[in-house]
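Notes follow once the structure below has been shown.
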Amino acid sequence: MKLSAVSLTFICAVVVSSCSRHTEQTHEIARVDDETLTSEKIHGQFDTTAGISEMQVRMFARQWVNSEILYQEAKRQGLDHSDAVLKNLEDARRNLAINALLEKEVFTDIPQSISKQEATIYFRNHLEEFALRDDIVQISLAVFSERVPAASFREAALQGEGWEVAVAASQARHNGKGTLITKTDSAFYTRSTLFPARLWTVSAALGVGEVSFPVKTSVGYFVILLLGNFQRGATPPMEYVENAIKARLVMQHRQERLTEYLETARKKHTVQINLTGVTSDRDSLAQTGE
């Protein structure tokens, strides 16, 4: 079914309006034979907290029409009931069911569930695995729109009560001129991740605890506080690899839980494994469930 530009524009406007108001009213957007695409279906495909644009509705409607035409043609030729399709459906159903079970019973750990203490213990026991492949610096950054306030900030950080107090004082100023644009607290960078390149040169030349002079860039004046400098091959601070460690521990916990779950579930079933034709590694196992 072909929709005119005027009618589709009107329908899109209706959908966008209804989604932004989170109403329950349903509108027909497109139709192929007896199958219809409604605003409710589109609503379920997008994050509608910020509304849906007309372009999104147009693209989705076009894709849906093409997909539906192809599906109707496949059904007309009986392919939806072919052996290959039915086998794929059964395989998909099996895998989806297994994944749903694992998500419910096994994969309950998330990185946030790993305590800092557990991550620290793992780090200490595997130090050699985390040797740095590149030089890294740990720095804090403050970016100003003009040189004078950047220089004043540096003096305050050196002579006053320290970097954090100087940052707080700069954030409290709202004169609209030469103010703090942005800041970054205690972040790690390699030569390839710190832009512009001049910032790396300045950071690498600082001593720990030193504050740089304002560094002019296309986006403003950077003032840098060096918190740490670590060479390739050295052991990094735990904070640098904490997220990677937690992700590794999550996978480890899931594998352990999967093993335990399988051992428990196995007792509920009759399991038999027969391997034939293997001269040196023949396995015959029969187990009756409880």
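Number of residues in the stretch 100-150 that are of a type in the set (D, E, K, R) and outside any loop (DSSP other than H, G, I, E, B) equals 9. In this structure, THR193 does satisfy being closer than 30 Å to GLN117 by Cα and free of Cβ contacts under 8 Å to residues at least 40 places away in the same chain.
What tally of residues in the stretch 26-49 results from selecting those that are under 19 Å from ASN66 (Cα atoms) and either among the aliphatic types (A, V, I, L, M) or over 33 Å from the mean Cα position of the chain (by Cα) (or both)? Matching residues across the stretch 26-49 total 11. Under the condition of being exposed (fewer than 11 other Cβ atoms within 10 Å of the Cβ) and modelled with pLDDT of 80 or more, the residues counted in the stretch 45-62 number 1.
Filtering THR179, THR190 for residues that are within 33 Å of the chain's Cα centre (by Cα) and modelled with pLDDT of 95 or more leaves a single hit, THR190. For the stretch 174-200, a residue qualifies if it is surrounded by 13 or more Cβ atoms within 10 Å (Cβ to Cβ) and over 26 Å from GLU239 (Cβ atoms), and the qualifying residues are GLY178, THR179. Figure legend. Inter-residue proximity from the stretch 206-229: first residues on the phi > 0 side of the Ramachandran plot, second residues surrounded by fewer than 14 Cβ atoms within 10 Å (Cβ to Cβ) and of a type outside the set (A, V, I, L, M), beta-carbon distance below 6 Å, spacing 6+ or different chains. No pairs are indicated. Residue-level analysis places ALA97 outside the set of residues that are at pLDDT 90 or above, small (Gly, Ala, Ser) and buried (at least 18 other Cβ atoms within 10 Å of the Cβ). A single member of LEU141, LEU127 is of a type outside the set (Phe, Trp, Tyr) and at pLDDT 95 or above, and it is LEU141.
The combined condition, being outside the structural domain of MET251 (by TED's automatic domain parsing) and in contact with a helix residue (DSSP H, G or I) (Cβ under 7 Å, 6 or more places away or on another chain), is not fulfilled by ALA92. Against the criterion of being surrounded by 10 or more Cβ atoms within 10 Å (Cβ to Cβ) and either in the same structural domain as ARG257 (by TED's automatic domain parsing) or among the hydroxyl-bearing types (Ser, Thr, Tyr) (or both), GLU105 qualifies. Among residues of the stretch 33-49 that are outside the structural domain of ASN66 (by TED's automatic domain parsing) and over 23 Å from GLN72 (Cα atoms), none has a beta-carbon under 8 Å from a residue that is among the hydrophobic types (A, V, I, L, M, F, W, C) and part of a loop (DSSP other than H, G, I, E, B) at least six positions away or on a different chain. For LEU225, all conditions in the list (1) in the same structural domain as ASP109 (by TED's automatic domain parsing); (2) touching a helix residue (DSSP H, G or I) at 6+ places or on another chain (Cβ under 6 Å) hold save one; what is the number of the exception? The failed condition is (1). What about LEU132, is it surrounded by 12 or more Cβ atoms within 10 Å (Cβ to Cβ), within 21 Å of GLU242 (Cα to Cα) and aliphatic (A, V, I, L, M)? It is true that LEU132 is surrounded by 12 or more Cβ atoms within 10 Å (Cβ to Cβ), within 21 Å of GLU242 (Cα to Cα) and aliphatic (A, V, I, L, M).
The numbered conditions (1) farther than 17 Å from ALA30 by Cα; (2) touching a strand residue (DSSP E or B) at 6+ places or on another chain (Cβ under 9 Å) are all true for LEU96 except (2).
The values are calculated or read from the model by the stated rules, or taken from the named source; none is laboratory data. Keep in mind that what you see is a predicted model, and the values were worked out from it rather than measured. We place every Cβ from the backbone using ideal geometry, glycine too, and count neighbours over all the protein chains shown.
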